[in-house]
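Each reported figure results from applying straightforward, stated rules to the coordinates on display, with no laboratory input. Note that the structure is predicted; figures quoted are calculated from it, not measured. No Cβ is skipped: glycine too gets one built from the backbone with ideal geometry, and neighbour counts run over all protein chains shown.
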Amino acid sequence: MPKAIPIYIRAIPALAAGAVGATARRAAQEAPASTARRRFLEGSTVLSGLLVAGTPIALLAPSRAWAVALTHIDQAQANALMDLARTLYPHPTLPDAVYALVVKDLDVKAADPKTAALISAGVAKLDQQAAGKWTNASADARTAIVTANQSDPFIQLVRGQCITSLYDNDMAYAHFGYQGEAFSHGGYLTRGFNDLTWLPNPPADASPPVA
């Protein structure tokens, strides 16, 4: 099952039956709009942006505007973590809203003082090696810095978080065209498992007709 999407959608009351995903719909149904907004505003740090019109994720969402509230990571750290996640796992067309999930999950872990200290020191080290500010460094410079420090515990923390936070959520499923698990739907056989469009069609003898 995909995990819940902890993103505040500014049009929460407008979530419809097919909006963002079962997990996001359920959260919206359980909390009145005023309560959801109040909880969102409790965060001291905010990541926000707009989804590109016409993309799979934008077509699912009730609003193009998105935002994520953070409580343990400051704004500079949040911005640096966003750029680090995109440097580690670069998908040019994957919206920032999905990368923000990595920062959100790291923010939860930063409730632990040791993790918070690791993140703070890690971001400071990135800034130092970028000779100023990590977020102002070029893509090539960021890649070189990460490559030189790939065994660093901070880099490994963010890399490990990316593996689940980036790919195991409804928005990533929509972006990459993954239809989700099939067991609860009777398996893959009749669910268009072979309708992928990013690979060439296999030869006929690779999929012989069912006897």
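Given 10 °C and 1.306 mPa s, how large is the Stokes-Einstein diffusion coefficient of region 138-211 in µm²/s, with Rh as the Kirkwood radius over Cα pairs?
Once the numbers are plugged in, D ends up at 97 µm²/s.
With an a/c value of 1.5 or above and a/b larger than b/c for the gyration tensor axes a ≥ b ≥ c computed over the alpha-carbon atoms, region 65-211 is described as prolate. Sparsely packed loop sites in region 113-172 (the trypsin sites (Lys or Arg not before Pro) outside DSSP H, G, I, E and B with at most 16 other Cβ atoms within 10 Å) comprise 133. Among 185, 72, 91, the ranking by other beta carbons within 10 Å of each residue's beta carbon, starting with the fewest, stands as 185, 91, 72. Shape verdict for region 79-165, please, from the Cα gyration tensor: rounded (a/c under 1.5), prolate (a/b greater than b/c) or oblate. It is oblate, given that a/c is not under 1.5 and a/b is not larger than b/c. Taking 0.36 nm per residue of separation and subtracting the Cα-Cα distance, full extension of the segment from residue 117 to residue 151 would add 10.5 nm. For region 121-164, the Kirkwood radius over C-alpha pairs fed into Stokes-Einstein at 20 °C and 1.002 mPa s yields D = 201 µm² per second.
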